[in-house]
1. Give me the pairs, please: first residue somewhere in the range A:112-138 and within 7 Å of another protein chain (Cβ to nearest Cβ) and more than 23 Å from A:I192 (Cβ to Cβ), second residue anywhere and modelled with pLDDT of 95 or more and assigned to a loop (DSSP other than H, G, I, E, B), beta-carbon distance under 6 Å, and either six or more positions apart or on two chains.
2. Please go through the range B:52-76 and give me each residue that is surrounded by 24 or more Cβ atoms within 10 Å (Cβ to Cβ) and small (G, A, S), ordered by number.
3. Do any helices (runs of 4 or more DSSP H) entirely within the range B:175-251 hold 1 or more residues that are away from every other protein chain (no Cβ under 14 Å) and among the β-branched types (V, I, T), and if so, which?
4. Quick check on the range B:94-111. Is at least one of its residues modelled with pLDDT under 95 and either surrounded by fewer than 24 Cβ atoms within 10 Å (Cβ to Cβ) or small (G, A, S) (or both)?
5. Can you say whether A:V141 is at the interface with chain B (Cβ under 8 Å from one of its Cβ atoms) and either crowded, with 23+ Cβ neighbours inside 10 Å or in a strand (DSSP E or B) (or both), as far as the supplied structure shows?
6. Scan the range B:4-48 for residues that are in contact with a Lys or Arg (Cβ under 8 Å, 6 or more places away or on another chain), farther than 30 Å from B:G225 by Cα and touching a residue at least 60 places away in the same chain (Cβ under 8 Å) and report the count.
7. Taking into account only those residues within the range A:172-196 that are over 18 Å from B:A123 (Cβ atoms) and among the β-branched types (V, I, T), which is farthest from the other protein chains (Cβ to nearest Cβ)?
8. Might you let me know whether the range B:134-141 holds any residue that is without any contact (Cβ under 8 Å) to a residue 60 or more places away in the chain and closer than 24 Å to B:E237 by Cβ?
Amino acid sequence: MLTDKRSFIEMDRDMESRNILDFPGYDEKLVAAREKSRENEGVICGEATIGGSRVCIFAMDSNFMMGSMGAVVGEKITRLFEYATERHLPVVGVTVSGGARMQEGMVSLMQMSKISAAVKRHDREGNLYVVLLTNPTTGGVDASFAMLGDVTLSEPRARVGFAGPRVIEKTLNQKLPEGFQKAERVLECGFIDAIVPRQEQREYLDRILKLHGYGA
Amino acid sequence: MNDIEIVKVARSENRLTSKDFLGGVVRDFVEFHGDRLFGEDRAIIAGIGRIEDIAVTVIGIEKGKNIEERIEHNFGSAMPEGYRKALRLMKQAEKFGRPVVCFVDTAGAYCGIDAEERGQGRAIAQCLAEMSDLETPILSIVIGEGGSGGALALSHADRIWMLEDAYFSVVSPESCANILWKSTEKADVAAAALGLTADKLYKLGLIDKVIRGVDMEKLTGEIAGQLRELLAVPAGELVMQRYRKFRKVGY
């Protein structure tokens, strides 16, 4: 875990998605996802300390419909950024996602807009936002809050990209180069600050937070 | 028309493109090129001009009219440099106090190795974040295809309008059917379920106006009227209202 022992207090735990569009099969998928992940939705949000520094933290869950982003995921992350902005707290975000959740149509796509606007407000007030990309972070999450951090970290070999590799292969009708969309290559392309293995992440975050004056 | 028929009409090749709307609505248009970072993306046409007496910045995703033009404009699928050009000119619009009008028509942002490696995700994310507090009015009009993130990137606007036979969707109905039901033949079922038509999106409160039939003179007046209304709102209040507009989506 990234946070100090027993420091995590979860927020908005009870929020559950509804089938707003009456999309065929979505209700059953939600039930299955709740069972598989033992969570109510695809992101956990809350407040904690890391090395004694107060932070707001969110962690997406790949066991909940591939970490897809619907209205509840969007709302929970937006609320977290608003909470952090009001209290001048940094945000640490752990991303994993296949993208926007199709079954919620445009409502899910527009969560990208909603969260990005909340991130911008947090940013404008001088607050720190650290993203930790994990495998895979793609689609609408890559094209919004995963790519808006002040500091962007990644786990080794995580897939990070906008379009899915199969879609690109089909469009171009060619095999993709070795290492394409892997964190190491994305860092070479200039979009990641550092690749940090799991056992070093806590200490790394602690150092970054302290260098920004938190936890004093 | 049912929903999949609307998607097909929105994609059809003999449809009006952004160039037609630029010609029909904007006077004295001057095109500007390049993102100042990497290159010039012809999938996005951008510049300044006048709508009635209002100086505006105009950004349009262009698909092209014939095969040569379609190749030139990459079939209306923008690269990261296209979105960065759009954002550069939106920032300039803010500096000079000009409102921004975007014409959106794309199957999606370009999917390719080069697009990925130059940061397609980051380019779209920056449009969303920066447009959210741009201190000048933004009006986006979906004139054909509103294909996912690539269309959303130019739709973080004070008002979103759509032609009645345009669509705006999180995913193409074909991909959706393929992912969920392993059959592109069920695209009609997916199209109906996704709620992607202008009328459905208006009912959901996600867009602000449905344009029925294209009459350039009437449309020019409507756009000018809308821009005047937004220009009368103080910048801080405008940004606040834009925040609230997207803040309430889904909740």
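The values are calculated or read from the model by the stated rules, or taken from the named source; none is laboratory data. All of these numbers come straight from a predicted model, not from anything done at the bench. Cβ coordinates were reconstructed from backbone atoms using ideal geometry, including for glycine residues, and neighbour counts include every protein chain displayed.
1. A:S113/B:H156; A:K114/B:V249
2. B:G60, B:G76
3. On the way: elements: B:187-194, B:198-203, B:216-231, B:235-247.
Ranges flagged: B:216-231.
4. Residues of the range B:94-111 modelled with pLDDT under 95: B:111.
Filter again for either surrounded by fewer than 24 Cβ atoms within 10 Å (Cβ to Cβ) or small (G, A, S) (or both), leaving B:111.
Yes, the conditions are met somewhere in the range B:94-111.
5. It is false that A:V141 is at the interface with chain B (Cβ under 8 Å from one of its Cβ atoms) and either crowded, with 23+ Cβ neighbours inside 10 Å or in a strand (DSSP E or B) (or both).
6. 1
7. Ranking the candidates gives A:V196 first.
8. Yes, the range B:134-141 has at least one match.
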